[in-house]
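The values are calculated or read from the model by the stated rules, or taken from the named source; none is laboratory data. Remember, predicted model here, so these are calculated numbers, not experimental data. Cβ: placed from backbone, ideal geometry, glycine included. Neighbour counts: every protein chain shown.
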Amino acid sequence: MSEPSSSNSETSDEIIVISRRAAPGEVDEAYETAVKNLDKFMSAAFVQAEEALDHSEVPVGCVFVHDGDIIGSGRNNVNESRDPTLHAEIVAITEIMNHCQTHDLDPAKIFAESTLYVNLEPCMMCASALQQLKIPRIFFGAVNDRFGGIFSVGNVFDYESDPPKMDIVRGFMGGKAVELLQRFYQNSNMRAPPEKRVVKVQNRETK
């Protein structure tokens, strides 16, 4: 699996608004509620990220929130499943799709009313999926400076000719997200061949 960098990621917890759906001065209760619950739901995303780390996965976790409740959660499951597509966001999206099918709900409506909280900037694959699902609000912690698909490497607004408007906010608990990545690299990926683990350590030492 291609892994995000921890050496150059921003460690600041400064909250930065990348984009807003609402016009300046326009009341947006859904956004205000999402900001109000930022600590609660980002903490829930970190629970998933910690679980990923405990399973020798890249420590990324997320939750989707709809009407004040977590409707889907996920953590990286790439190594255990040996499926390179099972990033945290994809795992959570699949959970929500299954829930909607079981309860005869319209997934398009649910996603279009939901907020994503994730500890690391989604990669380009996940960012594209989030855009196609028309997720209106995304809050992420640390910047993914190697594979970030929101704005760091790819730009989420370039994936479609007529992209939907999105609230995108970064930085909250970003330092903690970087710390988790550093712990992952210190422990190494236990499924990697020994010679590759040594290379990773050497690369860190020469930076």
Check your understanding: Any idea which of (1) farther than 24 Å from Ser128 by Cα; (2) modelled with pLDDT of 95 or more is the one Ala30 doesn't satisfy?
Key -> (1)
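Condition check: part of a loop (DSSP other than H, G, I, E, B), under 20 Å from His87 (Cβ atoms), touching an Asp or Glu at 6+ places or on another chain (Cβ under 7 Å) and modelled with pLDDT of 95 or more. Does Ile135 satisfy that? Write out each step before concluding.
Numbers: part of a loop (DSSP other than H, G, I, E, B): yes; under 20 Å from His87 (Cβ atoms): yes; touching an Asp or Glu at 6+ places or on another chain (Cβ under 7 Å): no; modelled with pLDDT of 95 or more: yes.
Here the answer is no, as Ile135 does not meet what is asked.
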Check your understanding: Does the stretch 65-80 contain any residue that is under 16 Å from Glu179 (Cβ atoms), modelled with pLDDT of 95 or more and not hydrophobic (A, V, I, L, M, F, W, C)?
Key -> no
Study note, to complete from the structure: Those residues of the stretch 143-166 which are out of contact with any helix residue (DSSP H, G or I) (no Cβ under 9 Å at 6 or more places or on another chain) and part of a helix (DSSP H, G or I) amount to Asp158
Study note, to complete from the structure: Result of the Cβ filter at 7 Å on the stretch 48-77, keeping first residues that are under 15 Å from Cys126 (Cα atoms) and surrounded by fewer than 20 Cβ atoms within 10 Å (Cβ to Cβ) and partners that are at pLDDT 95 or above and of a type outside the set (A, V, I, L, M), at least 6 apart or interchain, is Asn77/Glu57
Revision key, fill the gap. Those residues of the stretch 65-110 which are assigned to a loop (DSSP other than H, G, I, E, B), in contact with a helix residue (DSSP H, G or I) (Cβ under 8 Å, 6 or more places away or on another chain) and not small (Gly, Ala, Ser) amount to Asn76, Asn77, Pro84, Thr85, Leu86, His87, Leu105, Asp106
Point to revise | Complete set of residues in the stretch 86-113 that are buried (at least 21 other Cβ atoms within 10 Å of the Cβ) and not aliphatic (A, V, I, L, M) | key: His87, Glu89, Phe111
Practice item. Return yes when Thr85 is touching a residue at least 12 places away in the same chain (Cβ under 8 Å) and either of a type outside the set (Lys, Arg) or farther than 24 Å from Gly154 by Cβ (or both) and no when it is not. Key: yes
Point to revise | Residue identified as β-branched (Val, Ile, Thr), part of a strand (DSSP E or B) and surrounded by 24 or more Cβ atoms within 10 Å (Cβ to Cβ) among Val169, Val118 | key: Val118
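Just to check your reading of the model, which residue among Ala192, Ala127 is surrounded by 15 or more Cβ atoms within 10 Å (Cβ to Cβ) and modelled with pLDDT under 85?
Just a single option satisfies the conditions, and that option is Ala192.
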Review point. How do the pairs read when you match residues in the stretch 147-176 that are on the phi > 0 side of the Ramachandran plot with residues anywhere that are of a type in the set (Asp, Glu), using Cβ under 7 Å and keeping only pairs 6 or more apart or on different chains?
Key: Gly171/Asp13; Gly171/Glu14; Met173/Asp13
